[in-house]
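The values are calculated or read from the model by the stated rules, or taken from the named source; none is laboratory data. The structure displayed is predicted, hence computed values, not measured ones. Every residue, glycine among them, receives a Cβ derived from its backbone with ideal geometry; neighbour counts consider all protein chains shown. Keep in mind that these areas ignore ligands, DNA and RNA; they rest on the heavy atoms of the full protein, side chains included. Shrake-Rupley method; radii C 1.70, N 1.55, O 1.52, S 1.80 Å.
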Amino acid sequence: MFDRLPSALQHEGHLSRRLFLSYAAALSTIPLLGQTAGSAKKVTFSSNPFSMGVASGDPDHHSVILWTRLAPKPLEAAGGMPDHPVEVFWEISEDDSFKKPVSSGKVNATSALGFSVHIEASDLKPDHWYFYRFQSGGATSVIGRTRTMPLPEANPEKLRFAVTSCQHWEQGLFTAYQEMKKDNPDFVFHLGDYIYEYAAGKGGNVRRHLGPEIETLDHYRLRYCQYRTDADLQAMHAACPWFLTWDDHEVDNNYANDISEQRDVTPAQLLLRRANAYQAYYEMMPLRPSSMPQGPNMQLYRKGNFGKLADFFVLDTRQYRSNQPNNDGRGPLNEAALNPRNTLLGEGQRKWLFDSLESSTGTWNILAQQVMMALVDRNTKGDTAAYSMDQWPDYAAERQKLLEHIRDHKVSNTVVLTGDIHSNWANELRIDDRKDDRPTLATEFVTTSLTSGGNGSAKAFDLSDRNPCNKFHNRERGYIMCDVTSKTYTADYMVINEVTKPGGVTTSRAKFVVEAGKPLIHPA
Ligand code: FE
Ligand code: CA
């Protein structure tokens, strides 16, 4: 597909007008969500069409998105679906017998959106758990469980949520979701690397990707379907709502906006790939229609709240960022890294975030995002400092602006949640983390990978001498479970002893607490 791209579209760095128009034309073929069931034909399925399970997400105090996808043969082209719309019935109920559903309806699943279904169930009670399910062609889905948030003006006593990221299919089993489910969180934050784009590995792995490195819409769809066949992942999606955001591997390793790490890929080529990737992501996730992609653009940053206890801001640090100025993996905080023109958030998202933080009334302000914000020098030997150049250090001026904003507007109790790095970290954040005599303004809890990297190690790099901001570091696999009250924020680092074989056991490795009003990390 890419070699047929007209050279006129191979524009430097930005979406050309012609490319934009071609996306606009493609967009017009995507049907509106929630359209009525007029043109569907009757269908019967030879195998369970709900092989992808169910999911819910992005709840507010009166509504939640319910999701499923028809795929009787999830690992075949088009999921084994016929080439015409298929009617799907949905219902949501206060009990799992569905004797008195509070709401129900019918929609058409269509090939244009991979036979995915996104229902906005609304007029629900605040702070309430519900059950939901789908039916089509005589088949019924499993029952999902979901909840709404408390009223914005309510003062809920407590909130529990899990934080996860980086679930490489080939490198481990998703066993840790079993323990997460037992702990019964109100919701899950997934911070990206939900899939990896790479071709099937060369053996020695726990299980194999299907096919080559993914670039086409069909390949991205297939990859998501392969991951979602995992029973533990399906069960966790069915257990509570999720708030998801992506990192790089949902498209291409370390991409920045329209720039690929591979030097022979033009921005126009990367944008075409990004459009495929974003559409497949939207189709697979329980996202609101406001996140529906338009060609290579998709609004994923958004906010929510759990009464007045917590406001949260789900960020997208991939789509709008400027290119990594020091593109060599690691390096010093040099002039390139400190250039105020570098941006991870992009101007629009930055303004939205700054305005939202300024007007927030939440006791806790939680930033759910991708890459590590602490300025951690990761050089274990020698004198030259080495900061990761795909993370906030390479965008140090914008990072500094954000922390100054938090200080100047007295944003209360800011907690940054991070994935990407495949290791656990607990960090105290200053305007410049290298200067530990300056006040701490926020805290950061970085979750390790669920599986990426295979079985990890409890042995950490010895970085504490160089990094007084860092209070904990560990390289095992797992996730974080957070408990929030008006007085404390507790982060429990859950680790699993085995991801390469079934039967891994998940336990608490370390637990930290932040008291409201004092952004310092203490052992709990
Ligand atoms: Fe990752
Ligand atoms: Ca990543």
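Details
- Some residue of segment 277-300 being without any contact (Cβ under 8 Å) to a residue 40 or more places away in the chain and in contact with a Gly (Cβ under 9 Å, 6 or more places away or on another chain): yes
- Any hit, segment 266-279, residues being more than 16 Å from ligand 1 (Cβ to nearest atom), of a type outside the set (A, V, I, L, M, F, W, C), in the same structural domain as Asn326 (by TED's automatic domain parsing) and not in a helix (DSSP H, G or I): yes
- Residue match in segment 462-476 (condition: among the hydroxyl-bearing types (Ser, Thr, Tyr), open to solvent by less than 30 Å² (accessible area, probe 1.4 Å) and either assigned by TED's automatic domain parsing to the domain that holds Asp383 or in contact (Cβ under 8 Å) with a residue 12 or more places away in the chain (or both)): no
- Filter result (part of a loop (DSSP other than H, G, I, E, B) and either aliphatic (A, V, I, L, M) or closer than 24 Å to Thr488 by Cβ (or both)) within segment 359-382: Ser360, Thr361, Gly362, Thr363, Gln369, Val371, Met372, Met373, Ala374, Leu375, Val376
- Members of segment 483-496 that are surrounded by fewer than 17 Cβ atoms within 10 Å (Cβ to Cβ) and either without any contact (Cβ under 8 Å) to a residue 12 or more places away in the chain or of a type in the set (D, E, K, R) (or both): Lys487
- Scope segment 349-400; condition over 19 Å from Asn470 (Cβ atoms), basic (Lys, Arg) and touching a residue at least 12 places away in the same chain (Cβ under 8 Å); matching residues: Arg350
- Residue within segment 312-320 that is in a strand (DSSP E or B), within 27 Å of Tyr194 (Cα to Cα), modelled with pLDDT of 95 or more and touching a Gly at 6+ places or on another chain (Cβ under 6 Å) present: yes
- Single unsatisfied condition, Cys166 versus (1) touching a residue at least 12 places away in the same chain (Cβ under 8 Å); (2) not assigned by TED's automatic domain parsing to the domain that holds Val415: (2)
- Filter result for Gly114 (out of contact with any Phe, Trp or Tyr (no Cβ under 7 Å at 6 or more places or on another chain), small (Gly, Ala, Ser) and open to solvent by 30 Å² or more (accessible area, probe 1.4 Å)): no
- Within segment 237-274, if we keep just the residues that are within 16 Å of Glu213 (Cα to Cα) and among the aliphatic types (A, V, I, L, M), the residue that is farthest from ligand 2 (Cβ to nearest atom) turns out to be Leu272.
- Filter pass, Glu94 being out of contact with any helix residue (DSSP H, G or I) (no Cβ under 9 Å at 6 or more places or on another chain) and free of Cβ contacts under 8 Å to residues at least 60 places away in the same chain: yes
- Residue list for segment 326-348, restricted to those being open to solvent by 60 Å² or more (accessible area, probe 1.4 Å) and part of a helix (DSSP H, G or I): Glu335, Leu338, Glu347
- Test: residue in segment 104-123 that is under 30 Å from Ala491 (Cα atoms) and assigned to a strand (DSSP E or B): no
- Within segment 488-524, tally of residues that are more than 23 Å from the chain's Cα centre (by Cα) and part of a loop (DSSP other than H, G, I, E, B): 11
- Segment 481-505, residues that are of a type outside the set (Phe, Trp, Tyr) and under 22 Å from Thr440 (Cα atoms): Cys482, Asp483, Val484, Thr485, Ser486, Lys487, Thr488, Thr490, Ala491, Asp492
- Pick from segment 152-171, criterion open to solvent by less than 70 Å² (accessible area, probe 1.4 Å) and away from ligand 2 (no atom under 16 Å from the Cβ), ranking: farthest from Gly204 (Cα to Cα): Ala154
- Selected residue (criterion: farthest from ligand 1 (Cβ to nearest atom)) from residues of segment 342-367 that are more than 26 Å from Gly329 (Cβ to Cβ) and of a type in the set (Gly, Ala, Ser): Ser359
- Listed by position, the helices (runs of 4 or more DSSP H) contained in segment 144-263 that have at least 1 residues being over 30 Å from Asp492 (Cβ atoms) and within 16 Å of ligand 1 (Cβ to nearest atom) are 217-228.
- Residues of segment 187-199 that are away from ligand 2 (no atom under 16 Å from the Cβ) and either modelled with pLDDT under 95 or surrounded by 21 or more Cβ atoms within 10 Å (Cβ to Cβ) (or both): Phe187, Val188.
- Residue that is farthest from Thr245 (Cα to Cα) [pool: residues in segment 415-428 that are touching a residue at least 60 places away in the same chain (Cβ under 8 Å) and surrounded by fewer than 23 Cβ atoms within 10 Å (Cβ to Cβ)]: Glu428
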